[in-house]
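What follows draws every value from the coordinates through simple rules; no lab data is involved. All values derive from a computational prediction rather than experimental measurement. Here the Cβ is made from the backbone with ideal geometry for all residues, glycine too, and neighbour counts use every protein chain on show.
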Amino acid sequence: MNNINGAIIGLGKMGLSHAAIVGAHPDVEMVAVCDTSSLVLGAFKRFSQVNVYSDYKEMIEKEPLDFVLIATPTRFHYPMVKYTLERGLHVFCEKPFSLNFHEGEELVRLAKNKGLVNQVGYHNHFIGTFRELKRLLQAKVLGELVHFTGEAYGPVVTKEKGSTWRSKPEEGGGCLYDYASHVLNLVQEIIGRPVKVIGSQLKSIYSKGVEDAVYGMLILDNGLSGLLSVNWSDETYRKMSTSIMVKGMNGKIICDATEIKIYLKEGSKKEGLEKGWTIKYITDFAIPVNFYLRGEEYSAQIDYFVDCIKNKKQSVFNNFEQGLYTDKVIEMIIADYKQQ
Amino acid sequence: MDKVIFGDNQFFAVNHASDDKARAQSIRFKEDSSIIKVIDQAMDLGINTFMCTTHDRIGNVCNHMRANPSRYKDFNIYPCMPYAHKYANAVTELGILGTIKQYVPGNIFSTFAKGGFALLSKDFIGMMQLLIDAELKMFKGINTPLIFIQNVLVDMILGLRMYDVFKEYDTYIRKKFNAEPGYITMNMPALLDALNSVGIENPIICTSINKIGFRMSGGIEIYEKYLNEKQFRPIAMQVLAAGALRPKEAIEYLGKFSGLESVLFGASSKEHIQETKVLIEQNL
C-alpha cells in the first residue's frame, strides 16, 4: 500500500508533538499543516517541506489527504471534525472530544455512517502499565471490587497570571477538561463507566474564571463507587502524574505511568503473582515504537491510528464514542457542582 | 571526552521507573548544598565531568563553583538545554507567543530590542540564538567544552524534518561558545542520518544504550548496527534501563562496542558512584 497522507490542524504543544510523530512515521507522508499563528507557519515554511495553511477548509480542499489530526482548542473540534468527516477523511482529534454532548453525538454518528477511522488522544491507554491494570482487573485478581481512586496532579498553573483559551471555561479551559478528563477516561475504560456523580467540587486556586482542582465521587455502572482527585496547581510534581488505585476483597493495585504495585491477600498462580506485594515497572510493559517523543504512548497511539486506516478496521481504543462518554461525565460533574 | 560522565537526574526528581523514588530524591536534594556535596564526592572519586540540564538550581551550583575557583578550575560541565518542562508548562498556560515573550530576554515586542527585531522579521535563527544565550548565561566563567540540546527538542526537530535547525545550532555553538555541540536523542539511528544529511559529520550523540533495548526506538538491532558500523561519537545513557539491569551486566554489555566513548550515569551515594565508575573504566 502507498503511503498515507496526513495533515495537522493546530500547532500548539500537542499539535507540534503530533506533527513530529506523524512526520517521522514510515508509512505516513505529512503533507500539510494549518494554524493561525504566522510565526509558527513561518517556521514551517522556512525549515520544513510541508505546505502551510491558515484556513483548514482550503487545506482539506487542496491537499490529497487520507486523514486529518486536529489539535486545536476544544471549541473548534466540532466544526473541524465535522467538515473533515464530511469530506470522507479519517480523523484523530485531541482530547477532550467536544464541549457539547449533542454535537459530539452527531460526530460519532457521522464517523460511523461514513465508516471512517476515528480516535481521540487519550494517550494513557497506550501506556503499558495501565493496560496491565485493565488486564489484571479483567482476570479478577482482586476478587470483588470495593473502591477506587483516580488521581492526577501537576504544575500547570502555579501563579496568578495568564489568559489564553485555557482560562475560559466555555472554551474547554480549566483543570476539568484538561487534566481530569484523562482520569475520567481511564476510570471509564478500565474500571467502569460513571453513571452518577456526587459531591463534585470545582476549586479555583490561582486561576480566575476556571477551576484548578476537581474533587468528587463517581458511581459506576457496575455499582462500584470511588473518588476523583485532580489538581493542576500542585508544584510538588515535576510533570503531570496520573494514577489509579483499585481496592478489592483480595487486595489492591496502585498503577501509574511508571509502575504497577500489586498487593494480594491470596496469590494468583495463573498470573504468577505471589501473596503480598509485587512491583512491576514500565520497562516490562512499554509498547515498542519506531520513534520516541515525550513517551512511547504518544507514538503508539498514532501507530495504532495509522494501522486502523491501513487495515481498514475500527479503533477499539479511544474511539469517538468513548471520548464522547467522557464529555458526558464532565457535563455531569459541572451540573452536579452547579446544583449545590 | 572523559569515559565517565556524572549526570543530574537524581537531583531533580527524574526517575524513569518510579514516581515514588523520584519524590524521595526531591526531598533528599531539597538544599543546593546536598547537590554540591554529591558532586564533590564524585570529584573526589576522580570524576571530572558533570552533565546537567539548565535547571534554575544548577545556576546555584554554578555560583558555588565560581566562588571556589581553585577547587573547580579543571572541572567540566556539559550543559543540556533547554530545561524542557519549564517551556512545556509555559506553552500550556501562555501559548507559544506568550512563552517567547516570557523567556526571550529583553522586550521581545519592542522593535528597538534585538529580540523584538527577531520576532518582527521572523528571524528564527536570531530567536534561537537569544534563547540559547539566555539558557547558557548561568555557566559564565565555567568550563563548558561540550553543549547539548535535550532530547525533547532534538527529537521534535528530527520528527518535523527541520534538519537545517541542527546546522544552525551546530555553527552557533562552535562560533559563540567555542564549544562542541552535542545531541541527546531517543532516536539515534534516525538522528545520525539526519545530521549527516546536512553535513554534520562525526557528531557527539548521547543516547539510550542498554541490553534490553529500553528507549531504543526502532529496536536494539539497528542501534547495535549503527554503533558497530557508523562514524559518530556515542555517549551511552539509560544504561541501567531505569533500574531493570544490575550495574555489572549493564556495563559489561557496553564493552561490546569499541567506538563507545563515554557513559553518562547518575547516582546519589558514594558507594554507587564508585562502583559504577570502576565498572565503566574496566569495560570501556
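Could you calculate the FRET efficiency of A:I287 with A:D27 from 1/(1 + (r/R0)^6), where r is the beta carbon distance between them and R0 is 22 Å, rounded to 0.05? Rounded to the nearest 0.05, the efficiency is 0.85.
Ranked by the mean number of other Cβ atoms within 10 Å of their residues, highest first, the peptides B:188-196, B:247-255 come out as B:188-196, B:247-255. Listed here are the pairs A:K95/A:K269; A:K57/A:K159; A:K168/B:K101; A:K140/A:K239; B:K3/B:K248; which of them are more than 27 Å apart at the Cα? Beyond 27 Å between Cα atoms: A:K95/A:K269; A:K57/A:K159; A:K140/A:K239.
Convex hull volume per residue, computed on the Cα atoms of chain A, equals 140 Å³.
On a 31 Å Cα-Cα criterion, which of the cross-link pairs A:K45/B:K86; A:K208/A:K280; A:K112/A:K134 come out too long?
Pairs exceeding 31 Å: A:K208/A:K280.
Set the Förster radius R0 to 25 Å, insert the Cβ-Cβ distance between A:Q340 and A:D221 as r into 1/(1 + (r/R0)^6), and round the FRET efficiency to 0.05.
Details: r = 24 Å, r/R0 = 0.94.
The computed FRET efficiency comes out at 0.60.
Using the alpha-carbon atoms, what tilt in degrees (0 to 90, nearest 10) does helix B:188-197 show relative to the longest principal axis of chain B? Computed tilt is about 50 degrees.
The slack in the chain from B:N60 to B:L97, taken as 0.36 nm per residue of separation less the alpha-carbon distance, amounts to 10.4 nm.
Dipole check for region B:4-283: with +1 at the C-beta of Lys and Arg, -1 at the C-beta of Asp and Glu, and the Cα centre as origin, the magnitude is about 500 Debye. At the listed q of 0.07 Å⁻¹, the Debye profile of the protein assembly as shown, built from one uniform point per Cα, gives log10 I(q)/I(0) equal to -0.45. Between B:E31 and B:E275, the contour length at 0.36 nm per residue exceeds the alpha carbon distance by 85.3 nm. The simple spin-label model puts a point 7 Å past each Cα toward its Cβ; for B:N68 and A:K82 those points are separated by 6.6 nm.
Taking the DSSP bridge list for the protein assembly as shown and keeping only pairs wholly inside it, about 45 percent are antiparallel. Taking 20 Å as the cut-off, the amide N atoms of region A:1-28 that come nearer than this to a point 7 Å along the Cα-to-beta-carbon line of B:K122 belong to A:8-13, A:15-17, A:19-20.
The spacing between region A:76-106 and region B:160-179, judged by their C-alpha centroids, is 40 Å. Within the shell defined by Cβ-Cβ distances under 9 Å, the residues around A:A139 carry a net charge of +2, with Lys and Arg each +1 and Asp and Glu each -1. In this rough spin-label picture, where each label sits 7 Å from Cα along the Cβ direction, the A:T236-A:K159 distance is 2.3 nm. To the nearest ten degrees, helix B:164-177 and the longest principal axis of the Cα atoms of chain B are 90 degrees apart.
Counting only DSSP beta bridges whose two residues both lie in chain A, roughly 60 percent are antiparallel. Within chain B, the proportion of Cα pairs with more than 34 Å between them is 19 percent. So if I take the centroid of the Cα atoms in region A:183-218 and the same for region A:318-340, what is the distance between those two points in Å? Each part's Cα centre sits 9 Å from the other's. Taking every DSSP bridge with both residues inside region B:4-283, close to 0 percent are antiparallel. Modelled spin-label separation between A:D307 and A:A139, with each label point placed 7 Å from Cα along the Cα-to-Cβ direction: 2.0 nm. From its DSSP helices (H runs of at least four residues, each -39,500 (n - 2.57)), chain A gives a residue-normalised ellipticity at 222 nm of -10000 deg cm²/dmol. Working note: Debye formula, equal point scatterers on the alpha-carbon atoms of region A:238-335, no solvent; log10 I(q)/I(0) at q = 0.17, 0.19, 0.21, 0.22 Å⁻¹ is -1.06, -1.11, -1.12, -1.13.
Taking the helices alone, chain B has a mean residue ellipticity at 222 nm of -15500 deg cm²/dmol, built from -39,500 (n - 2.57) per DSSP H run of at least 4 residues and averaged over all its residues.
Just need log10 I(q)/I(0) for region A:1-132 at q = 0.11, 0.15, 0.16, 0.20 Å⁻¹, Debye formula, equal scatterers on the alpha-carbon atoms, no solvent, rounded to two decimals. Normalising to I(0) and taking log10 leaves -0.38, -0.71, -0.80, -1.21. In this calculation the C-beta distance from B:E224 to A:Q201 is compared with R0 = 56 Å, giving a FRET efficiency of 0.60. The angle between the Cα long axis of helix A:13-24 and the longest principal axis of the Cα atoms of chain A comes to about 70 degrees, rounded to the nearest 10.
Bridgeable aspartates and glutamates around A:K312 (alpha carbons under 15 Å apart, same-chain partners fewer than 8 residues away excluded): A:D27, A:D66, A:D303.
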